[in-house]
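Undergrad: The structure's right below; bear with me while I get my questions together.
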Amino acid sequence: MSILRLAIPSPLRISFDYLPPAALSSTELASLQPGCRVRVPFGRREMVGYLLAVLAETDIQANKLKPAIEVLDSVSFISPLMLQLCQWAATYYHHPLGEVIAAAFPAHLRQGKAHKPLGTAGWRLNGRGKGLPEGALNRSPKQARALSLLQREQSIAATTLSKEGISAAVLRTLLEKNLIERCTLKTHTAKGQSNPGLNLNDEQSAAVAAIQATLGGFHCHLLEGVTGSGKTEVYLRLIARCLEEGKQVLVLVPEIGLTPQTLDRFQARFQANIVSLHSGLAEGERYRAWEAAREGSAHIVIGTRSSIFAPLNRLGLIIVDEEHDNSYKQQDGFRYSARDIAVKRAHLEGCPVVLGSATPSLESIHNVNTGRYRHLQLQQRAGGAQLPTMAALDIRRQPLTAGFSSMLLAAIADTLQQGKQVLLFLNRRGYAPTLLCHDCGWLAQCRNCDARLTVHRRRGILRCHHCCASVALPTRCPDCHGPGVMTAGVGTEQAEDFLRLQYPDKPLYRVDSDSMRGKGSMQALVAELNKSKPCILLGTQMLTKGHHFPAVALVAVIDADAALFSADFRGEERMAQLLTQVAGRAGREGDPGQVLLQTHYPDHPTLQAVLTQPYSVHARAILAQRLELQLPPASSMLILRTDAADQQNGEQFLHEIRNQTRNALPPEATLIGPLPSPMQRRAGKFRNQLLLIAANRQAAQASASTLVSAAEKLPARRLNWTIDIDPLE
Ligand code: ADP
Ligand code: ZN
Ligand code: ZN
């Protein structure tokens, strides 16, 4: 007897055994590879599972075993190494293996559709057809002509044959006579010379040399380079070397907005096939990029988080740009860190991985300190540019208009006058974060969340930024019916309106997820900015990430206090990263830029540290505090979360888990909770959490297994629970 053991994308953390489909021959069975897709009955549905192994026996009773419906692939489209990576990720993140493997496939294949090779459909003679003597089909002139065309070429595109007047009917007849077969014509993507690029400075050269020396084996490098220090130049040099050696390179970037920009820069340098993979692509484009990576015609893959699972069989190097960025962590479903998986993947592939950032995460710095990662530093800006000067603008007792002090307005006017560009950072979308009634104190709150609704005046709505619910913007108070409704606080929409009135003759570009919807929006903006005309850029976090705006001379943070008081122990690290990154957009070419931070707390220690120390020094001071307090990265954390429509359910569930596992957890682990999650109600669900801190990773992993199996054994009671390993929030 043979048994197919499958991973199936379902919430159950087990594998599933099936009998082979009746139609499968024993030779087909013998040639099955792990990773092949198999369609099976699953409950009342059909599902696509992934073959893990063919076994001789199973613990399942024979009468309970069902036959699979169909084996979809004769070869696996996922390599043994990628399967191993998925297995590792499923174990480490305690997530069902079937869902992890599914993340490595494009939607098209996940849904069980046929694998389609790239290229154009064509025809060629088969063995019998090739053996036919000249003039064999002379009784049918049309068939004879098709034959003589096909005899001259290896293969011919279907469209070419049709242009030559060979009809589909003729081809069908030849197919029935078993003389020809279908084939796919590959579009040839030759790899040409790359441009030499800039002359590297000493720090860049040293970094390139150190990393190059490790090509061909696993090493993890942290490239810590101040903003504008030329990290991208270092990447490009390393990539050129890999391409020369016939290897492929995987480059991870944090945001979709950055992929086109990076893509342009790479395309200008290399005559190679560069594909991008991100969620903004249409399904067909995504599939083609994935397949180009897999079949090897793509030399460079640039992608966001999920492309860490892109199939590359000749991988020579992985680069994770802006490695500190939170968007590398998937925050729902399969909660993984693409950066951490990148390190594991490089380890399995036996290639180096470069984590680059001006503001590295404390985790990565800690890994340098403990000798796990190698450390490379770029302390100077490249090409002679200087780091900007930074200053706090004390706005206590200052009149503010739409959030702007007169000091800031003067600095903006001054910069524009000099023909330079201004970048204003305000991390709040919409017109205002709050709508209230001045007469009775009513507050516009979300019906589904413990959160206020944001005013979007242009669209005439109140919208919740957590559950996306929206209602029409009221003109009178819904409670007292008075006319006293007013907004409080400032969002980008309001700042935009004000700035347009203030500087009517200067172009203003608002950059947030409301205004930058289209695929090409960011690209068009970058092109516009590169013309270096005076203008104002106003935006959220989207503006801060890795962009290179050469003509920006003034950067201002309109509300630096917004980041100052965070309940998260990572708050200070985040703020230092954010402000350093925002500041890093100033003065990237030519004159040193200027950075102004509007604040009510100019003496706040975190703000002072950001103003007076480079990030590299500040970060190491925060790290020392973390180690003292035994917080990550000195320890390992995990969170078990619940969400339920009923307020009590989640808390009770977590209490039971806590009681049941009390004696089973390792002594190095401490449980905190159950507690309500911050913003307990979200999208109509009450959320609770049980947090665990363990002195080391092994203890955290052992605890996670114990907690997960306890959770799985408890009767299901109208709630969802999830586990988050190394949570970031
Ligand atoms: P980072 O990625 O570290 O922010 P970039 O690679 O974008 O920095 O480089 C910042 C600017 O410096 C770019 O305009 C780039 O062309 C320029 N640059 C980088 N390396 C050099 C170099 N060796 N010589 C001259 N200019 C350089
Ligand atoms: Zn009212
Ligand atoms: Zn809501």
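The values are calculated or read from the model by the stated rules, or taken from the named source; none is laboratory data. Note that the coordinates shown come from a computational prediction; the quantities given were computed from them, not determined experimentally. With ideal geometry, Cβ positions are generated from the backbone for all residues, glycine too; neighbour counts draw on all protein chains shown.
Undergrad: What are the pairs with Cβ atoms under 7 angstrom where one residue, in the stretch 491-508, is without any contact (Cβ under 8 Å) to a residue 40 or more places away in the chain and the other, located anywhere, is surrounded by fewer than 17 Cβ atoms within 10 Å (Cβ to Cβ)? Sequence gap at least six, or different chains.
TA: LEU508/ARG500
Undergrad: Residues that are touching a residue at least 40 places away in the same chain (Cβ under 8 Å) and among the aliphatic types (A, V, I, L, M): find the strands (runs of 3 or more DSSP E) completely inside the stretch 12-88 holding 1 or more of those.
TA: Those strands (runs of 3 or more DSSP E) span 45-55.
Undergrad: Oh, and also: I'm trying to understand the selection: among the residues of the stretch 245-297, which are closer than 23 Å to PRO196 by Cβ and of a type in the set (A, V, I, L, M, F, W, C)?
TA: VAL249, VAL251, LEU263, PHE266, ALA268, PHE270, ALA272, ILE274
Undergrad: A further question follows. Mind listing whichever residues of the stretch 1-27 are closer than 19 Å to LEU83 by Cα and in contact with a Gly (Cβ under 9 Å, 6 or more places away or on another chain)?
TA: Listed by number, the residues that qualify are LEU4, LEU6, ALA7, ILE8, PRO9, SER10, LEU12, SER15, PHE16.
Undergrad: Something else now. Check the stretch 445-458 and report whether any residue there is closer than 30 Å to SER532 by Cα, within 16 Å of ligand 1 (Cβ to nearest atom) and of a type outside the set (Asp, Glu).
TA: no
Undergrad: Still on this structure: Any residue in the stretch 516-529 that is polar (S, T, N, Q) and surrounded by 17 or more Cβ atoms within 10 Å (Cβ to Cβ)?
TA: No.
Undergrad: Oh, and also: Select from the stretch 402-457 the residues that are β-branched (Val, Ile, Thr) and more than 30 Å from PRO483 (Cβ to Cβ) and list them in ascending order.
TA: ILE412, THR415, VAL422, listed by residue number.
Undergrad: What are the residues in the stretch 546-562 that are buried (at least 18 other Cβ atoms within 10 Å of the Cβ) and under 27 Å from LYS231 (Cα atoms), if any?
TA: Answer for the stretch 546-562, where residues must be buried (at least 18 other Cβ atoms within 10 Å of the Cβ) and under 27 Å from LYS231 (Cα atoms): GLY546, HIS547, PHE549, ALA551, VAL552, ALA553, LEU554, VAL555, ALA556, VAL557.
Undergrad: In the stretch 312-339, which residues are crowded, with 20+ Cβ neighbours inside 10 Å and farther than 28 Å from ALA382 by Cα?
TA: LEU312, LEU315, ARG335, TYR336, SER337, ALA338 - these are the residues of the stretch 312-339 that are crowded, with 20+ Cβ neighbours inside 10 Å and farther than 28 Å from ALA382 by Cα.
Undergrad: Need a quick list: strands (runs of 3 or more DSSP E) entirely within the stretch 215-307 having at least 3 residues that are over 19 Å from the mean Cα position of the chain (by Cα).
TA: So the answer is 220-225.
Undergrad: Follow-up question, since we're still on this one. Looking only at the stretch 346-362, filter to residues that are in contact with a helix residue (DSSP H, G or I) (Cβ under 7 Å, 6 or more places away or on another chain) and part of a helix (DSSP H, G or I); which one of those is surrounded by the fewest Cβ atoms within 10 Å (Cβ to Cβ)?
TA: The residue in question is LEU348.
Undergrad: Right, something else. Only one of (1) within 16 Å of ligand 1 (Cβ to nearest atom); (2) within 30 Å of ASP561 (Cβ to Cβ); (3) out of contact with any Ser or Thr (no Cβ under 8 Å at 6 or more places or on another chain) is not met by THR401, so which one is it?
TA: Exception for THR401: condition (1).
Undergrad: Considering ALA157, ALA146, ALA114, which residue is in contact with a helix residue (DSSP H, G or I) (Cβ under 8 Å, 6 or more places away or on another chain) and hydrophobic (A, V, I, L, M, F, W, C)?
TA: When all the criteria are applied, what remains is ALA146.
Undergrad: Now a separate question. Looking at the stretch 438-456 only, could you name the residues that are away from ligand 2 (no atom under 16 Å from the Cβ) and either in contact with a Lys or Arg (Cβ under 6 Å, 6 or more places away or on another chain) or over 23 Å from THR492 (Cα atoms) (or both)?
TA: Of everything in the stretch 438-456, those that are away from ligand 2 (no atom under 16 Å from the Cβ) and either in contact with a Lys or Arg (Cβ under 6 Å, 6 or more places away or on another chain) or over 23 Å from THR492 (Cα atoms) (or both) turn out to be ARG447, ASN448, CYS449, ASP450, THR454, HIS456.
Undergrad: For LEU525, are the conditions met, namely being closer than 18 Å to GLY403 by Cβ, part of a helix (DSSP H, G or I) and free of Cβ contacts under 8 Å to residues at least 24 places away in the same chain?
TA: Taking the combined requirement at face value, the residue does not satisfy it.
Undergrad: Among the residues of the stretch 691-709, count how many are small (Gly, Ala, Ser) and either part of a strand (DSSP E or B) or surrounded by fewer than 18 Cβ atoms within 10 Å (Cβ to Cβ) (or both).
TA: 5
Undergrad: Of the residues that sit in the stretch 538-564 and are under 25 Å from the mean Cα position of the chain (by Cα), outside any loop (DSSP other than H, G, I, E, B) and within 18 Å of ASP497 (Cα to Cα), which one is modelled with the lowest pLDDT?
TA: Among residues in the stretch 538-564 that are under 25 Å from the mean Cα position of the chain (by Cα), outside any loop (DSSP other than H, G, I, E, B) and within 18 Å of ASP497 (Cα to Cα), the one modelled with the lowest pLDDT is GLY539.
Undergrad: Within the set of pairs 6+ apart or on separate chains, which have a first residue in the stretch 230-242 that is within 13 Å of ligand 1 (Cβ to nearest atom), a second that is at pLDDT below 95 and in a helix (DSSP H, G or I), and C-beta atoms under 7 Å apart?
TA: Within 7 Å, the pairs are GLY230/ALA382; THR232/ARG265; GLU233/ALA382; LEU236/ARG269.
Undergrad: Right, ALA664: surrounded by fewer than 17 Cβ atoms within 10 Å (Cβ to Cβ) and either on the phi > 0 side of the Ramachandran plot or charged (D, E, K, R) (or both) or not?
TA: no
Undergrad: Let me ask something else about it. If I ask for residues that are without any contact (Cβ under 8 Å) to a residue 60 or more places away in the chain and either within 16 Å of ligand 3 (Cβ to nearest atom) or assigned to a helix (DSSP H, G or I) (or both), which ones from the stretch 430-443 would you list?
TA: Residues satisfying the conditions are PRO433, THR434, LEU435, LEU443.
Undergrad: Taking the condition within 16 Å of ligand 2 (Cβ to nearest atom), among the aliphatic types (A, V, I, L, M), under 34 Å from the mean Cα position of the chain (by Cα) and buried (at least 23 other Cβ atoms within 10 Å of the Cβ), does LEU426 pass?
TA: Answer is no for this residue.
Undergrad: Name the one entry in ALA619, ALA586 that is modelled with pLDDT under 85, in contact with a Pro (Cβ under 8 Å, 6 or more places away or on another chain) and buried (at least 22 other Cβ atoms within 10 Å of the Cβ).
TA: ALA586
Undergrad: Any residue in the stretch 200-228 that's at positive phi and touching a residue at least 60 places away in the same chain (Cβ under 8 Å): show its pairings with residues that are of a type in the set (Asp, Glu) and away from ligand 3 (no atom under 16 Å from the Cβ) at Cβ separation under 9 Å, as long as the two are six or more apart or on different chains.
TA: If the second residue must be of a type in the set (Asp, Glu) and away from ligand 3 (no atom under 16 Å from the Cβ), the pairs left are GLY216/GLU245; GLY228/GLU589.
Undergrad: If you take the residues of the stretch 439-456 that are over 29 Å from the mean Cα position of the chain (by Cα) and among the charged types (D, E, K, R), which of them is surrounded by the fewest Cβ atoms within 10 Å (Cβ to Cβ)?
TA: Checked the stretch 439-456; the qualifying residue surrounded by the fewest Cβ atoms within 10 Å (Cβ to Cβ) is ARG447.
Undergrad: Let me ask something else. What number of residues within the stretch 363-398 are in contact (Cβ under 8 Å) with a residue 60 or more places away in the chain, within 30 Å of THR434 (Cβ to Cβ) and touching a Ser or Thr at 6+ places or on another chain (Cβ under 8 Å)?
TA: Qualifying residue count, the stretch 363-398: 4.
Undergrad: For residues that are within 10 Å of LEU436 (Cβ to Cβ) and surrounded by fewer than 17 Cβ atoms within 10 Å (Cβ to Cβ), scanning just the stretch 478-498, find the one that is farthest from ligand 3 (Cβ to nearest atom).
TA: Residue satisfying both the conditions and the ranking: GLY484.
Undergrad: Just checking, which of ASN649, ASN688 is outside any strand (DSSP E or B) and not aliphatic (A, V, I, L, M)?
TA: ASN649
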